[in-house]
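No value in this document is a laboratory result; all are computed from the given coordinates. No experiment lies behind these values; they were computed from the predicted model shown. Note: ideal-geometry Cβ built from the backbone for every residue, glycine included; neighbour counts use all protein chains shown.
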Amino acid sequence: MGRRVAIVGTGHSKFGVRNDVNIAELAYEAISKAISSAGIEKKEIDLVVTGYVGGWSSEGLAPVVVMEYAGLTGKPGYRIEAACATGSAAIKTAHDAIASGEADIALVVGVEKMNESPTPTVVEFIGRAGNYFWEFENFGLTFPGYYALYATAYMGKYGATEEDLCRVAVKNHYYASMNPKAQFPRAITLEQCMKSRYIAWPLKLFDCSPITDGAAAVVLASEEVAQKLTDSPVWIESIGVSVGTSNLSKRDQFTSLNAATLAAKMAYKKAGIDPENPAKYLDVAEVHDCFTIAEILAYEDLGFAKRREGYKLIREEQTYIGGLIPVNLSGGLKAKGHPLAATGISMAVELTNQLLGKVEKGRQADIKNGRALAHNIGGTGHYAYVTIYSLSKPRA
Amino acid sequence: MSNQREQADAFLAQMDQFANMMKQSIGVPVLLDQKTGVALWWDQREIKLRFVISVEKIRKFFEALSEGKLLATKCKKSGKILFPPQVDCPDDPEDEVEWVELPKEGELVTWTVIYVKPYSFGHYNDYTVGIAKLTNGVQILAWVRETDPSKLKVGQKVKIEIVKREPEGYLTYEIVPVQE
């Protein structure tokens, strides 16, 4: 298992259309806050892991550009990519380096400037995030299209409705309205969502996460260093990872993401969480709601709801504060925004602040178990990362 | 009404026009963001992205399309059918593949209608992408010849047709709903 690893510092840029900054300036907004909140000096950092998907933005080697700007040149570093789960993959990579004894302090940053390209180009790049030759070249699937295939199958089989999907958007916009870092810090009504135009049937504009510029960063430290730096480390208790098929046609069903189910199982096992009733062990979760259907699938894949019943959880408002388990109190990808490589790290920042009781009033979860879960999906279940964060020191 | 690709091209042409005006007035292609007024550099470099992809080992698949056949590979020992076709059996390095023809009948597993299109698909009308399960259990993803979602349902009978994709004019395959 190796050494224990904790989050000791966090930073988060404002998400949105950030035409006011270039990629390095944007990354530095998160990096500078992460370093200062950790109370460390740059010279103490042993490793810099940069999450970046890119394609839509001009800098090909974002890590070196960001590291130069941030005064981190000379240190070990590299780029990590796992589509929309890049941020979680970057955290895992840094975690593993610390756990193995290779590093004591690592900076993890995820950054994306998606608005450097026009929307049809971004739609093109994300649409290619599957199997390019067999599913894009001739058939032009888009990312909303991929998840729409799941939504159609799920609704057709289980009786969920387009209203149920919109209920997820309403919840996440409601919590985003209290998050100043969110791209859309405003509430919406069910009617607004239902009346929005179709992007990929049955998904409508308000079912979809936006195209976002943003950065998030965490400083990770070994147990020994973390305990010197802070009285309130947030531990990485366990990480589960799984990869799904590239071709959607090779999947045996379209009502859940197999990779997410497997990743959750791994993460729960390592953390000693009962997979039959995980909500009992957790206070709050951030799940990958790139589309509203994805949040409903997550409820089932994570075991918050029984199979076929995920949509009932949102219908009964069980994922609001006070319900079975509050989900996406940050506003989620849906309303906070989804700068691909920053998303998993943004989840870590949010859950650290949730566990430490430091988020804005109205969207702070009740912290009783001292445990939080991040569910970060790359592509359409092409990658799945489930990470458990904890206030108490995990078992060695 | 212009298609989505023409709209995207018109947007880029407009940006070029603004940038040219700025080059004449201040000497550099720096634009002001229409919403926020911040300064943006309009990239003076443009690339075309187009790949050449090896299909040597699966060329039979493409040759068979002109004979109206849809092929897959089959692992001789395990009997497992692989689609998209591949020449290595993933479960057994000793196993070998042979080419087999896929059945053309099946049922619709799921679908979506794409309204907002990628740039390189922006010249098409709205199109439907679906997954069909063929009678031998193999699943295949393709366009579905029906763009009204109310006329499609999970589990309905479909057939596969080899069709010519226009305006490019090349052979591909399509899922076609069958009246029951």
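Per residue of peptide A:123-136, the mean number of Cβ atoms on other chains within 10 Å of the residue Cβ is 4.
Candidates A:122, A:168, A:149 compared by Cα position along the dipole of the stretch A:109-185: farthest toward the positive end lies A:168, with charges placed on Cβ. Each residue, residue A:358 and residue A:393, gets one label point 7 Å from its Cα in the Cβ direction; the gap between the two is 2.1 nm. The alpha-carbon of residue A:368 sits under 12 angstrom from the alpha-carbons of these aspartates and glutamates, leaving out residues fewer than 8 places away in its chain: A:283.
Per residue of chain A, what 222 nm ellipticity follows from adding -39500 (n - 2.57) for every DSSP H run with n ≥ 4, rounded to the nearest 500?
-11000 deg cm²/dmol
May I ask you to derive the FRET efficiency for residue A:307 and residue A:186 from their Cβ-Cβ distance with R0 = 35 Å, giving the value to the nearest 0.05?
Once the sixth-power term is evaluated, E becomes 0.55.
For chain A, the longest principal axis of the C-alpha atoms and the axis of helix A:258-271 are separated by about 40°. Here's the picture: charge each Lys and Arg Cβ at +1 and each Asp and Glu Cβ at -1 in the protein assembly as shown, and of A:91, A:131, B:70 the one pushed furthest to the positive end of that dipole is A:91.
Cα centroid separation, the stretch A:115-133 to the stretch A:256-302: 28 Å.
Largest mean-square fluctuation among A:20, A:96, A:301, in a Gaussian network model of chain A whose springs join Cα atoms under 10 Å apart, belongs to A:20. Mean-square fluctuations from a GNM of chain A, with a 10 angstrom spring cutoff on Cα atoms, peak among A:206, A:143, A:125 at A:125. DSSP bridge analysis restricted to the protein assembly as shown gives an antiparallel fraction near 80%, rounded to the nearest 5. Distances between placed amide hydrogens fall under 5 Å for residue A:383 paired with A:244, A:378, all partners being 5 or more residues away or on another chain.
Computed from Cα atoms, the angle from the helix A:23-38 axis to the main principal axis of chain A rounds to 60 degrees. Averaging the Cα positions of each part gives two centres, and for the stretch A:323-380 and the stretch B:139-173 these lie 40 Å apart. Which of B:116, B:30, B:144 moves most in a GNM of chain B, Cα contacts under 10 Å? Judging by the Gaussian network model, the answer is B:30. Relative contact order of chain A, taken over Cα pairs closer than 8 Å and 6 or more residues apart, is 26 percent.
Apply 1/(1 + (r/R0)^6) to the Cβ-Cβ distance of residue B:10 and residue B:80, taking R0 = 45 Å, and write down the FRET efficiency to the nearest 0.05. Here the calculated transfer efficiency is 0.35. Measuring between their Cα centroids, the stretch B:66-110 and the stretch A:61-88 lie 41 Å from each other. Here's how it looks for residue B:127: its modeled amide H is under 5 Å from those of B:114, which are all 5 or more places away or on a different chain. For the stretch B:53-102, the square roots a ≥ b ≥ c of the C-alpha gyration tensor eigenvalues yield an a/c of 1.5 or more together with a/b not exceeding b/c, which makes the shape oblate.
Measuring against 29 Å, Cα to Cα, the residue pairs A:306/B:151; A:92/A:181; A:157/B:76 contain A:306/B:151; A:157/B:76 as the ones spanning a longer distance. Placing unit charges on the Cβ atoms only, positive for Lys and Arg and negative for Asp and Glu, gives the stretch B:53-102 a dipole magnitude near 160 debye about its Cα centre.
Treating each Cα of the stretch A:248-373 as an identical point scatterer and summing with the Debye formula, the log10 of I(q)/I(0) at q = 0.11, 0.12, 0.14, 0.18 Å⁻¹ comes to -0.36, -0.43, -0.59, -1.01. Annotation: aspartates and glutamates with alpha-carbon distance below 15 angstrom to residue A:336 (same-chain offsets under eight excluded): A:112, A:207, A:213, A:286, A:289, A:295, A:350, A:360.
Note on A:195-204: average number of Cβ atoms from other chains within 10 Å of each residue's Cβ is 4. State the percent of C-alpha pairs, over all pairs in the stretch B:103-180, separated by a distance greater than 15 angstrom. Counting pairs separated by more than 15 Å, the tail of P(r) holds 54 percent. Taking the protein assembly as shown as the region of interest, what is the percent of Cα-Cα pairs per 10 angstrom bin, listed from the shortest bin to the one with the maximum distance? Percent of pairs per bin, in order: 4, 17, 27, 25, 18, 8, 1, 0.
Simple point charges give the picture: +1 on the Cβ of Lys and Arg, -1 on the Cβ of Asp and Glu, and for chain A a dipole about the Cα centre of about 660 debye. Taking the Cα atoms of the stretch A:148-208, the ratio Rg/Rh between the radius of gyration and the Kirkwood radius comes to 1.02. Computed on chain B, the Cα convex hull volume stands at 198 Å³ per residue.
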